[in-house]
Amino acid sequence: MNMHRKFEIFLVVSPGLELALRDEALDLGFRKAKATEGGVRFRGNWADVWRANLMLRGAARVLARIGSFKVTHLAQLDTLSREFAWHEILRPDIPVRVDVTCKKSRIYHAGAAAERIERAITQELGAPISSEAQVCIKVRIEDDLCTLSVDTSGELLHKRGHKEAVGKAPMRENMAALFLRQCGYDGTEPVLDPMCGSGTFVIEAAEIAAGLLPGRSRHFAFEDLATFDAETWANLQKQSEPNAVSVQFYGSDRDAGAIRNSRANAERAGITALTQFNEHSAGEISPPKGPKGLVIVNPPYGGRIGDKKHLFALHGSLGKALLSRFSGWRVGIITNEPSLAKATGLPFKPLAAPVAHGGLKVRLYQTDPLP
């Protein structure tokens, strides 16, 4: 496949965060990026695919649309799958898996469709099929149109390659990055998370400030495709220059294990010097010396953890501490419970769209700088 030929690239994101991801894509120079249901699309080439995986903080995965054709029955799917130029995308020595969804189409049996495409790939190209394969062909048959994409990411992109220690009900890194963006965070102010868990918000904020690429420490599925060019990829990885950072990033939690995990995760990410983690409860927080910034927190909520009565008291003490001590700081709170947000007593702005998170719909509640 011609390295410079353009095709559609689709960035997957949790529903509700499409506009924030579109803005990030535009900021990184992915021209004409458009938000659509469940993601963002734009046209680009293979180097753009690699750059998207390496640099985008908000995407969950990057799909390359490699072909499409009309199809109305399985025999036709079999023929057209055999005629497809798999050798331009896939390598015969790398295992592949095929994932099919069917919607409003005469072909309605996803398993039977997957079998036809798998057989075409093994018989025409020679690549083995494995349910464990990192390289995945995603097939969508909708209104009798079969669209073929290759998942170029492999493991989901929130797996940056640094976080081993994870607490209960963690916030995914890519979602944390987009919530930070929605709060107007641009890397120039301090960020404090008073219930930091495994440190996700604090570490993401510090990495953004330091100009560290989210994909710098991990492997991607595109490295196993026939389209991969190791030299171009190595040059892309070298393009980022770390920034000098003049502010600090703070996390606290009443759980000593969470603080240990956060420090270990920050060390693996190479940002220990930018972060401070301390053990104390949310109601005991006080603003660090220096410029005012952003308090962002993903507290426990009813559908996620624990007893609601206790949670009202927890949110109340957090709100009290913020209102009495954090004048001039902005606040962002993620929760699925309007009543818990209300219990903080904070003056929230109009709400952003709900966001799908772990089977729940959560919202970002945010304030202007506190009086």
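The values are calculated or read from the model by the stated rules, or taken from the named source; none is laboratory data. Remember, predicted model here, so these are calculated numbers, not experimental data. Cβ: placed from backbone, ideal geometry, glycine included. Neighbour counts: every protein chain shown. Heavy atoms of the whole protein, side chains included, go into the accessibility calculation; ligands, DNA and RNA do not. Shrake-Rupley method; radii C 1.70, N 1.55, O 1.52, S 1.80 Å.
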Applying the gyration tensor rule to the Cα atoms of region 122-240 (axes a ≥ b ≥ c; rounded if a/c under 1.5, else prolate if a/b exceeds b/c, else oblate), the class is prolate
Could you give the accessible area per residue of the chain, probe 1.4 Å, as a whole number in Å²? 44
Hey, how many Å between the Cα centroid of region 196-258 and the Cα centroid of region 311-341? 29
Overall Cα dimensions of region 1-118, principal axis frame, Å, largest first: 45, 32, 23
Note on region 165-306: alpha-carbon gyration tensor, axes a ≥ b ≥ c; rule is a/c under 1.5 for rounded, else prolate if a/b larger than b/c, else oblate; result prolate
Report in % the part of the accessible area of region 36-110 that belongs to carbon and sulfur, leaving out ligands and nucleic acids; probe 1.4 Å. 50
Below 13 angstrom from the Cβ of S317, what's the summed charge of the other residues (Lys, Arg +1; Asp, Glu -1)? +2
What's the angle, to the nearest 10 degrees (0 to 90), between helix 173-182's Cα axis and the longest principal axis of the chain? 60
Students often get this wrong, so check it: of K32/K159; K163/K238; K32/K238; K6/K34; K308/K361, which have C-alpha atoms separated by over 19 Å? K32/K159; K163/K238; K32/K238
Given +1 on the Cβ of Lys and Arg, -1 on the Cβ of Asp and Glu, and no further charges, what dipole in debye does the chain carry about its Cα centre, rounded to the nearest 20? 940
DSSP beta bridge pairing in the chain, given as percent antiparallel to the nearest 5: 60
Charges on Cβ only, +1 for Lys and Arg, -1 for Asp and Glu, centred on the Cα centroid of region 194-273; of I271, I259, T200, which one is farthest towards the dipole's positive end? I259
Give the relative contact order (percent, whole number) for region 85-131; include only Cα pairs under 8 Å separated by 6+ residues. 54
Of all trypsin sites (Lys or Arg not before Pro) in region 1-89, the ones in DSSP coil with at most 14 other Cβ atoms within 10 Å are R5, K6, R31, K32
Could you compute the longest span of the chain free of GluC sites (Glu not before Pro) located in DSSP loops and having at most 12 other Cβ atoms within 10 Å, not counting the site residues? 165-371
Using alpha-carbon pairs under 8 Å, 6+ residues apart, how would you state the relative contact order of the chain in percent? 15
If you fit an axis through the alpha-carbon atoms of helix 200-210 and take the longest principal axis of the Cα set of the chain, what angle between them do you get, 0 to 90°, nearest 10? 80
